[in-house]
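Student: Before anything else, here's the structure in question.
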Amino acid sequence: MITSQVFYIAFLTFLTYFLLLMIYYFVLAILGFRENKKRERENQEENFPFIYFSNLTMPVSLIIPARNEEGWIRDSLMSLLHLNYPTFEIIVVDDGSTDRTFEILNEMLDLAALDLTYAKHYKEGPVIHILKSRRHSNVTVIHKTGGHKKAGALNAGLNIAQYNHVCVIDADTILEPDALIKVMAQVNKEPDKVIGIGSSFGLANGLQIKDGRIIKKSFSLNPLIAYQNLEYIRTFIGNRMAWSRFNALPIVAGGFGIWRKDVLYELGGFSAEFTCEDMEITFRMHDYMAKNKDKNYKILMLPHYVGWTEGPSHVKSLIQQRDRWQRVIIETVWKYKYMFCNPKYKGFGFLTYPYFIFYEVLGVFFETASIGFLAIGWMLKILDFNTFLAFLTLMGTTQFLISLLCINTFIRGQRIFKTRYVAYLIFLSAIEFFGYRVVISLAKLFGTYHYLRGVHVYDRYKRAKRH
C-alpha cells in the first residue's frame, strides 16, 4: 500500500513538472512569435541604403578566433570580406594552430609583420606576431600560442580592436553579406543602451559554398543535421526571442555576437576559467546591467539568419559537443547562483535563470527518473500500462506541438527552407522523443558527470573533411 502511494506521488510529481514545463514552453513560443513579428516588421521598414552611406553608422571590429581551421578559414574570411557594410576591420587570431591555418591566411592575405605597441588589457596568452595584410588594409592577423582557450584568442583580438563595437565570429561560420548591416541597424537606434546583440543562424552542412559565398542552399537530409536545424529554430525563435522581449537573454552565441568594447573593458574581457566563454560573458553582462540599472542597458536577440556554421554530423561528435555545452551551463549557473529569483535581476532572475536550473541542469534527471520510475511501477503492476504509455505520449506530443509552433513562426518570417525540407523537419519532430532526444539526454548526463569530475577543457569534436 505504501509502495503504491509512493509511486502515485512520484507520478503526480513528474506529471506536474512536465505540465509546468509545457505551459512555460508554449508561453515562450507565443511571445517569441510576437517578438519575431515585431523585429521582422522593423527590418522591412529599415532604410538600409541610408544606413550604409550615413556618416553616423558605427564601425565594427570583427574578431575570428581560429585554431586548426584549415577546412573553413578561407571561406569564412572571404564571407567577411564580402560584407555589405561601410566601415569594418577584421582581426583573425590564429590560436596556436598545428595544421595549415596560418599558411592559408598568409597565402590569402600576403602578410607582413606589423610593428605595433599595444596595451594588454585582457588575458590572452603569449602573442608571437601581429601581421597586416598587404592585399586588404582592413585585415590584421594575430599569431599566438594556444593554452588560453577561445577566450584568450578573443581577448588578443580585443587588445588591438580599433572600434567600440566588436563582432565575435566562429572560424567555421559563413556570414550572409547583409548580416552586419541588419544587426547594426538595431544597434544604431539605441547605441547608448544596446550593449550586446545576437541573431539567428543555421547549419552550413550540405550548403554549396564557393569563395565565401553560398552558391546553393541544399540542406543536408542527414537526420542528425536536420534535428540540429530544428533545435536552432526552437532555441532562437521559441526561446531566445521571447527572453529578449524581457531583456532576459541568457546567451549571445559565440558563432555570431556583437558587444560594446567599453563594457567588455570594464568587465575585464572574456574569461578562460570556464569551459566556454559566450554564456558566461552574457550572464556577467546581466550582472553588470543590474549594477547600472539607471542606464537601461539592453541585450537583444534578432530573428534574421545572419550566417551558417558547421554542426556535428555523427552521433559521437554530437555527444561530445553537447557534453561540453552541458558543462558550460552548469558552470555558469553555479557561478551566478545569486541571480535566482533575485528582484535585482528582474526578468532574468525570475524568467530565464529558473528555466536553466529546472530544465537545462535538472531536466535530464527528471526525464530519465520519470521514465525509469514509471517503467518499474508498470513492471511491478503498481501502475498500469495505459498510464505509462499516456505519460510517454504526453512528453512526446508536447515537444511535437512546440516544434510545430516554432516552425510556423519561423516560416512566416524566413524564406529559407523549401516546403519539402519543412515537411521533413515536421516528420522528424514527431519521432524526436524516441531517438534524437535520447542521444541529447545521454550527452547531458555525460556532461554533468564530467563537470562533477572537474573537467573544464574546451574539447572539440572531430570535423567532417571539406572538399
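Student: Would you give the gap between the C-alpha center of region 5-76 and the C-alpha center of region 324-371, rounded to a whole Å?
Tutor: 18
Student: What FRET efficiency comes out for Phe366 versus Ala119 if R0 is 56 angstrom and r is the Cβ-Cβ distance? Round to the nearest 0.05.
Tutor: 0.70
Student: Something else now. Is the C-alpha gyration tensor of region 308-467 telling us rounded, prolate or oblate? Criteria: a/c under 1.5 is rounded; beyond that, a/b larger than b/c is prolate, otherwise oblate.
Tutor: Rounded, because the longest to shortest axis ratio a/c is under 1.5.
Student: Can I ask one more? Longer than 28 Å from Cα to Cα, which of Lys335/Lys444; Lys120/Lys444; Lys261/Lys293; Lys37/Lys335 are they? Say none if no pair is.
Tutor: Listed pairs above 28 Å: Lys120/Lys444; Lys37/Lys335.
Student: A further question on this structure: If you average the alpha carbon positions of region 95-109 and of region 181-200, how far apart do those two centres end up, in angstrom?
Tutor: Between the Cα centres of region 95-109 and region 181-200 lies a distance of 32 Å.
Student: Still on this model: With all protein chains present, how much of the accessible area of region 283-407 (probe radius 1.4 Å) comes from carbon and sulfur, to the nearest whole percent?
Tutor: 69
Student: What does the net charge come to around Lys216 if you take all other residues with beta carbon closer than 13 Å to its beta carbon, with K and R at +1 and D and E at -1?
Tutor: Overall, the nearby charge balance is +4.
Student: Of all DSSP beta bridges located in the chain, what percent are antiparallel, nearest 5?
Tutor: Counting only bridges with both partners in the chain, antiparallel ones make up about 45 percent.
Student: If I take R0 = 41 Å and measure r between the Cβ atoms of Asn386 and Glu46 in this structure, what FRET efficiency does the formula 1/(1 + (r/R0)^6) give, to the nearest 0.05?
Tutor: 0.15
Student: How far, in degrees from 0 to 90, does helix 223-233 lean away from the longest principal axis of the Cα atoms of the chain, to the nearest 10?
Tutor: The two axes meet at around 80 degrees.
Student: A follow-up question, please. What number does region 201-280 give for Rg over Rh if you use C-alpha atoms and the Kirkwood radius?
Tutor: With Rg and the Kirkwood Rh in hand, the quotient comes to 1.06.
Student: Could you give the angle, 0 to 90 degrees to the nearest 10, between helix 436-452's Cα long axis and the longest principal axis of the Cα atoms of the chain?
Tutor: 70
Student: For the chain, just the Cα set please: Rg and Dmax, both in angstrom.
Tutor: 22.8, 81
The values are calculated or read from the model by the stated rules, or taken from the named source; none is laboratory data. Since the structure is predicted, the reported quantities are computational estimates derived from the model, not experimental observations. Every residue, glycine among them, receives a Cβ derived from its backbone with ideal geometry; neighbour counts consider all protein chains shown. Side chains included, ligands, DNA and RNA excluded: accessible areas come from the protein's heavy atoms. Shrake-Rupley method; radii C 1.70, N 1.55, O 1.52, S 1.80 Å.
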